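A.B. asks: Can you read through this structure? Questions will come right after.
A short reminder: the numbers here are calculations on the coordinates, not readings from a lab. Treat the numbers as computed from the prediction; the structure is a model and nothing was measured. Counting neighbours? That spans all protein chains shown, and the Cβs are built from the backbone with ideal geometry, glycine included.
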Amino acid sequence: MAHTIRVSAVVVAVLLGAQALAADSTSRAAEAVDYTKSSSWLCRPNHNEACTTNLDATIVAADGRERVERWRANPHPPIDCFYVYPTVSADKQSNSDLTPAADEEIAMTRQQVARFASVCRLFVPIYRQVTVTVMRGEAPPGDRDLAYSDIKAAWNDYLKRSNGGRGVVLIGHSQGAFVLRQLIREEVDGKPLQSLIVSALLIGGNMQVAEGRDIGGDFSSMSLCHAGNQIACVIAYSTFRDTDPPDATARLGKSERPGLAAACTNPAALGGGSAELDAYLPSNFYTPPYHTQPNQTPQPPWVKGGRPVRTPYVKVPGLLTGECRQNQYASYLGIAVHGDPTKPRVGDIKGDIVFGDVTRGQYGLHLDDMLLPMGNLIALVRQQGAVYVRQHASGHRP
């Protein structure tokens, strides 16, 4: 049986990033953020404490054998990654302030993007996002224009002071993906800046394409990725279990208007079909920012009758596969779990969301969107980065 999580307001807010950006907003005058200051960034070169953390993982085989995979950053990565985190701030007002919390913005950044430091320099701006408080109905609708203006200003500062012609990967999840959709549409797609783009990972953000095509919705020039040697393209998907696909209440993977469909590209099989996912899962799911509730139980040992894993992350080779699918409600990355009850390793994962009358077919495995194919995404970015560097060195631009 699928494990179910009853989540706190912070986690619910991550799920509702789409609603945050769909809310009516009223632009208001606000002092611009000075992104020349290191304090306006969670991570950037020479200011990387928020992205520095232990990312070691225990590889747990189906037969119960374990070995530790050590992780380290690349001291001289050839490309950059510009990341926008999802809805996670629990500040009391409609838009967050510019002081990140350890168990909110910082914890989410470490979990979702810190591992990419093995392939790229990390740039993570702090921005005044729509908050958890809005999701709880305890504040007026947030100002999405304010959130976007911050990210646009950070992007322009990055281009002016740090890019230097380097290739860059744009990475966003949930609210972060929605913000980057707008940034790409207005500043990058079909414009000279597109020549700097290695790829865009717009995860859990309902990126739109024309039905049956790779472009024609959000973007007119940047298409979906279909091969690892393709650059200036987009990876986009929302995850649902095969056994709990999107239903009539689904909020993710949905078409936003007739003639469009939500994009799905499988990072493990860009050419299509099913493939094994190289997941990096928290060894105990209930660590920040996934706050516990009194009725929750911790992740059991990953080997039946064994001891808890000592590393912060776990890999479970052979347990998970993914394939892009579509039903009458949505397009999605279907996740199949291949647990074997006769084997020592635990045969399922946590991650399903239940709160109020929400079904698993409404948000799927949205909390796991980045984690389930994390290794696949990093391998893909590594390959695309190498292609970009080769083409750039030869003077060829896509």
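A.B. asks: In what sequence do LYS343, LYS37 fall when counting other Cβ within 10 Å, fewest first?
C.D. replies: Working: LYS343 16, LYS37 11.
Fewest-to-most ranking of LYS343, LYS37: LYS37, LYS343.
A.B. asks: Kindly provide log₁₀ I(q)/I(0) values, in the same order as q = 0.20 Å⁻¹, from the Debye equation applied to equal alpha-carbon scatterers of region 63-186.
C.D. replies: For region 63-186, the Cα-only Debye profile gives -1.12.
A.B. asks: Follow-up question, since we're still on this one. Identify, among GLY318, PRO267, GLN93, the residue whose Cα sits farthest towards the positive end of the charge dipole of region 4-394, taking +1 on the Cβ of Lys and Arg and -1 on the Cβ of Asp and Glu, with the dipole about the Cα centre.
C.D. replies: GLY318
A.B. asks: Under 16 Å from a point placed 7 Å out from the Cα of ALA379 along the Cα-to-Cβ direction: which residues of region 47-67 have their backbone N that close?
C.D. replies: 59-60
A.B. asks: Using a Förster distance of 22 angstrom, determine the FRET efficiency expected from the C-beta separation of ARG72 and VAL389, and round it to 0.05.
C.D. replies: Details: r = 21 Å, r/R0 = 0.95.
Taking R0 as 22 Å, the efficiency between ARG72 and VAL389 is 0.60.
A.B. asks: Taking every eigenvalue of the Cα gyration tensor of the chain, multiplying by 5 and rooting it, what semi-axes result, largest first, whole Å? Kindly include the intermediate steps, with their values, before the conclusion.
C.D. replies: Working: eigenvalues 173, 119, 100 Å².
Equivalent ellipsoid of the chain: 29, 24, 22 Å, largest first.
A.B. asks: Sorted from fewest to most neighbouring beta carbons within 10 Å, what does the list MET207, MET135 look like?
C.D. replies: Working: MET207 29, MET135 23.
Exposure proxy ranking, most exposed first: MET135, MET207.
A.B. asks: Turning to a different aspect of this structure: Mind ranking 307-318, 163-174 by how tightly packed they are, going by the mean number of other C-beta atoms within 10 angstrom, highest first? The partial results should precede the final answer.
C.D. replies: Numbers: 307-318: 17.4, 163-174: 22.2.
The peptides rank, most packed first, as 163-174, 307-318.
A.B. asks: May I ask you to compute the full-extension gain from LYS304 to ASN229, defined as 0.36 nm times their residue separation minus their alpha-carbon distance, rounded to one decimal in nm? Intermediate results must be reported in sequence, preceding the final value.
C.D. replies: Details: separation 75, 0.36 × 75 = 27.00 nm, distance 4.09 nm.
In short, 22.9 nm is gained.
A.B. asks: Which net charge results when you count Lys and Arg as +1 and Asp and Glu as -1 among the other residues whose beta-carbon is under 15 Å from that of ALA101?
C.D. replies: Details: positive: LYS92, ARG110, ARG128; negative: GLU49, ASP91, ASP97, ASP103, GLU104, GLU105.
Its environment carries a net charge of -3.
A.B. asks: OK, next. How far apart, in nm, are the 7 Å Cα→Cβ label points at GLU211 and ASP63?
C.D. replies: Placing both labels 7 Å along Cα→Cβ, they lie 5.1 nm apart.
A.B. asks: Can you tell me the length gained on complete extension of the stretch THR36 to THR342, counting 0.36 nm per residue apart and subtracting the Cα distance?
C.D. replies: On the way: separation 306, 0.36 × 306 = 110.16 nm, distance 5.68 nm.
Difference between extended and current length: 104.5 nm.
A.B. asks: Further question on the same structure: Treat every Asp and Glu Cβ in the chain as -1 and every Lys and Arg Cβ as +1, leave all other atoms uncharged, and give the resulting dipole magnitude about the Cα centre to the nearest 20 debye. Can you show the working numbers first?
C.D. replies: Numbers: 39 positive and 38 negative charges, 192 e Å.
Value, rounded to 20: 920 debye.
A.B. asks: Work out the FRET efficiency for ASN284 and GLN93 from their Cβ-Cβ distance, taking R0 = 30 Å, and round it to the nearest 0.05.
C.D. replies: 0.40
A.B. asks: Set the Förster radius R0 to 41 Å, insert the Cβ-Cβ distance between ALA248 and GLU186 as r into 1/(1 + (r/R0)^6), and round the FRET efficiency to 0.05. Please report the intermediate quantities before stating the final value.
C.D. replies: Working: r = 33 Å, r/R0 = 0.81.
Working from the Cβ atoms, E equals 0.80.
A.B. asks: What percent does the relative contact order of the chain come to when contacts are Cα pairs within less than 8 Å and at least six residues apart?
C.D. replies: For the chain, the relative contact order is 21 percent.
A.B. asks: Related question: Using the Karplus equation 6.51 cos²θ - 1.76 cosθ + 1.60 (θ = phi - 60°), what ³J(HN,Hα) coupling, rounded to whole Hz, does each residue of region 333-338 give in order, writing x for Gly and Pro?
C.D. replies: 8, x, 9, 9, 10, 10
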